[in-house]
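The values are calculated or read from the model by the stated rules, or taken from the named source; none is laboratory data. From a predicted model like this one, the values you see are computed outputs, not experimental measurements. Backbone-built Cβ (ideal geometry, glycine too); neighbour counts: all protein chains shown. For the accessible areas, the whole protein counts, side chains as well, though only heavy atoms, and no ligand, DNA or RNA atoms are used. Shrake-Rupley method; radii C 1.70, N 1.55, O 1.52, S 1.80 Å.
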Amino acid sequence: MAYIPITAVRYNRKRGRDVLQSFLFDQRYGGIRVPRGVPPDLVSEFIGERLQPDSPPGVYSKVAATLRFYERPDVLPRLRQALTGRAEDLDAVLRQAFVIQSLGDLGTPEEGAQAGAYLDRILVPQALALNAYAVLFEALIALAPAGSPQRLMERLAVAVHQAAENQGTERGMQDYQRIAAIQRNEQPRYRTRWEAKGRLAPQSPADRRTAMVRIYLRETPISSPQIEEWAARMLRAEAMQGDPQPVYAAFGQAMEAVDPKKIGPQRARFEIVRGAQAIRYLQGKLSARQEELYDKAGKGAVNFLWDDLPEV
């Protein structure tokens, strides 16, 4: 089994705390990309110390992203403290939805089932739930194959029906158009992603490998930032926990199959760079042909499977 680190640690504990403090709690200057190079155990330690049950939803969103990259399920008990059994305002709905997302990403099947029941029982019935529709559905996608979007979709259907009956004013018409657009345009996409993840998650790494590479390279209709990150994490887990060679090979084959004439040069560069960076991040080596493709593509992009280190 090859040794593949989550990240090449390059911050001492003091500097690592500063980096995490800025990213997680400085909403203005913290940036949007999870910082690489922090000792993974420090990630757990810092979040366990600093995260509060009433921390802003934006903090919980960044905590969820950080835990996904560093794979730190040991912090979940701290996050669960925010699941108070009530959601009195939109901030509470969002905060708790991000916690449920983390439980889906990193928790056990039992924790996922409990989180799904909590979402249906506490969050979906809230008056402001539809203002957090995207976050709630992404929480359901994170839980898949546990949970079901049925109650959330029913909640939206009732709201659309009520809004349709209250179009007598300009405001009422605008409200109806907004909520009907969610049902018509966004809900089918979210449901398709939920179904796809529920179908792929139980499969063996070997059986789903090609599909995961295609999702991560944004070659499928279900690709989205959330699903792409999940696919990347599953491929990383396969490489870390077993033989990484099949993962390298799958990415390499995808890179070499890219045809700029069919998909356009910009799209081709994206797929080649993302595939090459994945191989390198997972401690693999590019073939001469893959190196050539990567060089011509321009390198430079930053992706989930990348450690933000200078290239040599």
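Here are the numbers for the structure shown:
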read-out: Derived scalar couplings ³J(HN,Hα) [the range 279-284; Karplus, 6.51 cos²θ - 1.76 cosθ + 1.60; whole Hz; x for Gly, Pro]; value: 4, 5, 4, 7, 6, x
read-out: Long-range Cα-Cα pairs in the range 251-296 (distance over 18 Å), rounded percent; value: 18
read-out: Å² of accessible area per residue within the chain, as computed with a 1.4 Å probe and no ligands counted; value: 48
read-out: The chain, dipole about Cα centre (Lys/Arg Cβ +1, Asp/Glu Cβ -1), debye to the nearest 20; value: 540
read-out: Leading residue at positive end of dipole, the chain (Cβ point charges), from 64, 182, 306; value: 306
read-out: Computed lengthening from residue 108 to residue 25, 0.36 nm per intervening residue step minus Cα-Cα distance; value: 27.1 nm
read-out: Folded to 0 to 90 degrees: helix 187-200 orientation relative to the chain principal axis, Cα; value: 50
read-out: Nearest-20 debye value, the range 55-126 charge dipole, Cβ charges on Lys, Arg, Asp, Glu; value: 140
read-out: Which of 51, 23, 137, positive extreme of dipole for the chain (C-beta unit charges); value: 23
read-out: Using a Förster distance of 25 Å, the FRET efficiency for residue 74-residue 181 (Cβ separation, nearest 0.05); value: 0.05
read-out: For the chain, with +1 on Lys and Arg beta carbons and -1 on Asp and Glu, the positive-most of 93, 263, 81 along the dipole; value: 263
read-out: Entry for volume of the Cα convex hull per residue in Å³ (calculated from the structure that is shown) out of (i) 152; (ii) 141; (iii) 128; value: (i)
read-out: Overall form of the range 1-111 per C-alpha gyration tensor (a/c, 1.5; a/b vs b/c); value: oblate
read-out: Distance in nm between pseudo-label sites at residue 237 and residue 121 (7 Å out along the Cβ direction from Cα); value: 2.6
read-out: Cα point-scatterer Debye curve for the range 153-262, base-10 log of I(q)/I(0) at q = 0.13, 0.22, 0.23, 0.24 Å⁻¹; value: -0.63, -1.12, -1.18, -1.24
read-out: FRET efficiency for residue 3 and residue 41, using Cβ-Cβ distance with R0 set to 22 Å, rounded to 0.05; value: 0.85
read-out: 3J(HN,Hα) from dihedral phi, the range 255-265, Karplus parametrisation 6.51/-1.76/1.60, rounded to Hz, x for glycine, proline; value: 4, 6, 8, 5, 10, x, 5, 8, 10, x, x
read-out: Cα centroid separation - the range 219-284 against the range 122-173, whole Å; value: 34
read-out: Inter-label distance, nm, simple model (7 Å from Cα along the C-beta direction), residue 311/residue 263; value: 1.7
read-out: Lysine pair number, Cα distance threshold 23 Å (strictly under), the chain, separation 8 or more or different chains; value: 8
